[in-house]
Structure formats: structure tokens, C-alpha cells
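The values are calculated or read from the model by the stated rules, or taken from the named source; none is laboratory data. It should be emphasised that the depicted structure is a prediction, and the values quoted were computed from it without experimental measurement. Don't worry about glycine lacking a Cβ; one is built from the backbone with ideal geometry, like all the others, and counts go over all protein chains shown. Note: areas computed on protein heavy atoms with side chains; ligands, DNA, RNA excluded. Shrake-Rupley method; radii C 1.70, N 1.55, O 1.52, S 1.80 Å.
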Amino acid sequence: DQQVKQNSPSLSVQEGRISILNCDYTNSMFDYFLWYKKYPAEGPTFLISISSIKDKNEDGRFTVFLNKSAKHLSLHIVPSQPGDSAVYFCAASGMQGAQKLVFGQGTRLTINP
Amino acid sequence: DVKVTQSSRYLVKRTGEKVFLECVQDMDHENMFWYRQDPGLGLRLIYFSYDVKMKEKGDIPEGYSVSREKKERFSLILESASTNQTSMYLCASSVSNQPQHFGDGTRLSIL
């Protein structure tokens, strides 16, 4: 049973445009969410997180939005750059800082010049 | 900068062998984790540890065990390797309330 789902295996976006990656979850006990970015042959690196007490968190070109009623979060990248091409994983946990994470399947983002 | 080092990038073993995957972190993190990454399934937690000599089962512990004798080192053990354990294995470490830092992974093939 996949508690965290990324329904788009891949996404292709033109350089300079907005990239929107989506993630849905089923467990209402999740209250802390993270996005990780993974390049080939490297481990995932932390990108941005959001607590359930917020509905938006922004860090430079990256913004994460959380819709608790819909159990949905999204990552917006504006403007998209070629170096953003990677696999993006969303993850969730039961309390902020709690260390047992549940990951989605990942979305491969390709930024086209 | 946090450094999580996995001892091997690639490993090929035979069915039935006992396999050890080693992970070392250099930031005195109390928490350490082992995941496997498979296409279409994302990262799945195998085991984790909050302290030396302490371990907790993750979501898919069957066929695996772990050892944490020192704070900086967390070992994953495949007791009797099987072909369905062919995967990318990722180790991570963290302090509480902070995101996990990952190693670069070990691609393990069981023939």
C-alpha cells in the first residue's frame, strides 16, 4: 500500500518555465513533508521541507505548497534550469523531525534548453 | 559538510552468500538508516538505528539484519542473498529534527 504517491513518473519542461511536481498522501497522521533531489550515481540530497502548520514554504527558486484537506503537496521550480534535471522524491513523516520517512516513487524531471 | 560513505559503489555476489554493506558517517549523527531503491517503488526503509547497539525494523526488513557497534558505522547484512535483493542500497544519517543525509549508494547484483 503506497502511502505517498507521485503519479507522474516523468515530466519535461522548457528551460525558464515553471516546473510543477506533485505528490499525494493517504495517511492523515503525516505532518511533515520533504522533497529530495537525486542525480544519477549520487545519493538523494535534501531540497526543501514543510510542516503541516504551514501551507507554503519558499527557498529561492523552490516553493512547496501543502493542501492538507486534499492530502496533496506540490513543488514549484521557477525558473527551471538545466541543472534541475534529476529525479525528485517527496517524503512524509508522522511528526516534524521524526526520522521514519515514507517516500514516493519519484518523478524524473527533464529541463529542455 | 556531512559525509556519508558507503564502502562499495558496485558489488556482485552469488545466491546464498552472506553479504555485508558498510556505511560510515563523520558527523556524530545519532540516527542511521538503510533503504533500498527500486524502479517504480521509490526508497523503502529496511532498518534504522537511533543509537549504538539499537535497531528498529523499517517497512521491508525480511531477509536483512543490521549491526551498529559504533556510533559512526551502520552495517546492513544479507543473511543469505537472493536474486530479489538485487537493488540500489542507500545509507543515510541524521540528527533529530534535521533532514537525512544520504551516501551515494551501493548497486548490488545477486547472481
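Numbers below:
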item: Test: residue B:81 is surrounded by 19 or more Cβ atoms within 10 Å (Cβ to Cβ), at pLDDT 95 or above and part of a strand (DSSP E or B); result: no
item: Any chance residue A:12 is among the small types (Gly, Ala, Ser) and touching a strand residue (DSSP E or B) at 6+ places or on another chain (Cβ under 6 Å); result: yes
item: Any strands (runs of 3 or more DSSP E) falling wholly within the range A:1-71 and containing at least 2 residues that are over 19 Å from residue B:94 (Cβ atoms); result: A:10-14, A:19-25, A:56-59, A:62-67
item: Top-ranked residue in the range A:87-110 [being part of a strand (DSSP E or B), open to solvent by 10 Å² or more (accessible area, probe 1.4 Å) and at pLDDT 95 or above; ranked as farthest from the other protein chains (Cβ to nearest Cβ)]; result: A:110
item: Selected residue (criterion: farthest from residue A:53 (Cα to Cα)) from residues of the range A:6-35 that are of a type in the set (A, V, I, L, M) and open to solvent by 40 Å² or more (accessible area, probe 1.4 Å); result: A:11
item: Index of the failed condition, residue B:91 passing every other in (1) surrounded by fewer than 14 Cβ atoms within 10 Å (Cβ to Cβ); (2) facing chain A (nearest Cβ under 10 Å); result: (1)
item: Residue B:13 being open to solvent by 20 Å² or more (accessible area, probe 1.4 Å) and farther than 24 Å from residue A:32 by Cα; result: yes
item: Members of the range B:60-86 found to be under 14 Å from residue B:44 (Cα atoms) and within 14 Å of another protein chain (Cβ to nearest Cβ), listed by number; result: B:60, B:61
item: Meets criteria (of a type in the set (S, T, N, Q) and part of a loop (DSSP other than H, G, I, E, B)) for residue B:97; result: yes
item: Qualifying positions in the range A:36-52 - in contact (Cβ under 8 Å) with a residue 12 or more places away in the chain and either open to solvent by 80 Å² or more (accessible area, probe 1.4 Å) or of a type in the set (Phe, Trp, Tyr) (or both); result: A:36, A:39, A:46
item: Residue satisfying condition, being touching a residue at least 40 places away in the same chain (Cβ under 8 Å), under 24 Å from residue A:4 (Cα atoms) and among the basic types (Lys, Arg), within set B:36, B:9, B:14; result: B:36
item: Residue under evaluation residue B:23, criteria (1) touching a Phe, Trp or Tyr at 6+ places or on another chain (Cβ under 7 Å); (2) without any contact (Cβ under 8 Å) to a residue 24 or more places away in the chain; (3) not β-branched (Val, Ile, Thr), criterion not met; result: (2)
item: Selection within the range B:54-78 - touching a strand residue (DSSP E or B) at 6+ places or on another chain (Cβ under 6 Å), in contact (Cβ under 8 Å) with a residue 12 or more places away in the chain and open to solvent by 50 Å² or more (accessible area, probe 1.4 Å); result: B:55, B:59, B:72, B:73
